[in-house]
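What follows is a short report on a single structure.
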Amino acid sequence: MSKKTILLVEDDEMLHTMYTQKFTKEGYTVKSAFNGAEGIELAEQTKPAVILLDIIMPKMDGFVALKKLKKNEVTKDIPVILLTNLGQEEDIRKGKELGATDYFIKANHTPQEVVEKVKEIIG
């Protein structure tokens, strides 16, 4: 597992590009997936240091993907940060119960704050 590899699972093209550029500038390698199913597959293959996971996506939503990642022997110990527009208390609680390390509401956090959190988690 590379300490510098981040898996970004985000279906919004613009946000995907923005986060990829931000993390690349900070010296990270970014692996990209555009839905939950792809994300799980890539997580198994690349064993990233951290996974940034959107919730509302095609094919498989982030909650389902998170559940599967945490049940999988290969990926269960990888920290997952949910990065979403869902800001309801119940969504946050559900994310944490399913094993998310942290929960970021996109509208409330700058990409820089997300980068700082990732640095904190992977040291």
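The values are calculated or read from the model by the stated rules, or taken from the named source; none is laboratory data. Computed from a prediction, not measured in an experiment: that's the story for all the values here. Cβ sites come from the backbone with ideal geometry, for glycine too, and all protein chains shown count toward neighbours.
Taken residue by residue, segment 6-23 has no member that is part of a helix (DSSP H, G or I), β-branched (Val, Ile, Thr), under 12 Å from the mean Cα position of the chain (by Cα) and buried (at least 23 other Cβ atoms within 10 Å of the Cβ).
Screening Ile40 with (1) within 18 Å of Ile6 (Cβ to Cβ); (2) modelled with pLDDT under 95; (3) of a type in the set (A, V, I, L, M, F, W, C) gives one miss only, at (2). When Lys3 is tested against (1) surrounded by 14 or more Cβ atoms within 10 Å (Cβ to Cβ); (2) in contact (Cβ under 8 Å) with a residue 24 or more places away in the chain; (3) not acidic (Asp, Glu), just one condition goes unmet, and that condition is (1).
Just to be sure I understand, how many residues within segment 47-65 are free of Cβ contacts under 8 Å to residues at least 60 places away in the same chain and within 21 Å of Lys4 (Cα to Cα)? Quick ask: steps written out before the conclusion?
Here is the first cut: in segment 47-65, the ones free of Cβ contacts under 8 Å to residues at least 60 places away in the same chain are 47-48, 51, 53-65.
Checking which are within 21 Å of Lys4 (Cα to Cα) leaves us with 47-48, 51, 53-54.
The total comes to 5.
For segment 73-90, filtering for residues that are modelled with pLDDT under 95 and surrounded by fewer than 11 Cβ atoms within 10 Å (Cβ to Cβ) leaves 3.
Only a single item in (1) loosely packed, with under 13 Cβ neighbours inside 10 Å; (2) of a type outside the set (A, V, I, L, M); (3) farther than 18 Å from Ala49 by Cα; (4) within 15 Å of the chain's Cα centre (by Cα) is not met by Asn108, and it is number (4).
Whether any residue in segment 28-39 is surrounded by 18 or more Cβ atoms within 10 Å (Cβ to Cβ) and of a type in the set (Val, Ile, Thr) is what I want to check. Yes, there is a match, as at least one residue in segment 28-39 is surrounded by 18 or more Cβ atoms within 10 Å (Cβ to Cβ) and of a type in the set (Val, Ile, Thr).
Conditions (1) under 20 Å from Ser32 (Cα atoms); (2) of a type in the set (D, E, K, R), marked per residue:
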| position | (1), (2) |
| --- | --- |
| Lys71 | no, yes |
| Thr84 | yes, no |
| Gln88 | no, no |
| Glu97 | no, yes |
| His109 | no, no |
